[in-house]
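Remarks on the structure that follows.
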C-alpha cells in the first residue's frame, strides 16, 4: 500500500515511508483491497488509452509464442553432480 502512495518528505527534509495510520487517514478508512483494485483498474484504463507504440501498451497486448513444458523441471547439471 505504501508503494502506491509513495514516500513523504518530513519538515526537516529527509524522506520516509508513510505509516499505516497515515495511509488509513488518506484513504479515509476505506476497504484497502477494494481501493487497491480500483487503482489497478484505473491504471489499466490509462494504459488502454496509450498510443500503440508505447511500451506498456505493447506489453499489455503481447501474446507469448510457444508453450511451457509441463511437469517438474529437469535436474540441473550442478544438482546432479552434488548428489
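The values are calculated or read from the model by the stated rules, or taken from the named source; none is laboratory data. None of the values given here were measured: they were computed from a predicted structure. Cβ sites come from the backbone with ideal geometry, for glycine too, and all protein chains shown count toward neighbours.
Descriptive notes on the structure:
- Test: residue 36 is within 20 Å of the chain's Cα centre (by Cα), surrounded by 10 or more Cβ atoms within 10 Å (Cβ to Cβ), in a helix (DSSP H, G or I) and modelled with pLDDT under 75: no
- Criterion violated by residue 11 - all others in (1) touching a helix residue (DSSP H, G or I) at 6+ places or on another chain (Cβ under 6 Å); (2) exposed (fewer than 10 other Cβ atoms within 10 Å of the Cβ) satisfied: (1)
- Pairs are defined by a Cβ separation below 6 Å, a sequence spacing of at least 6 or placement on different chains, a first member in the stretch 1-30 that is farther than 23 Å from residue 41 by Cα, and a second member that is at pLDDT below 75 and assigned to a strand (DSSP E or B); the pairs so defined are 15/9; 18/8.
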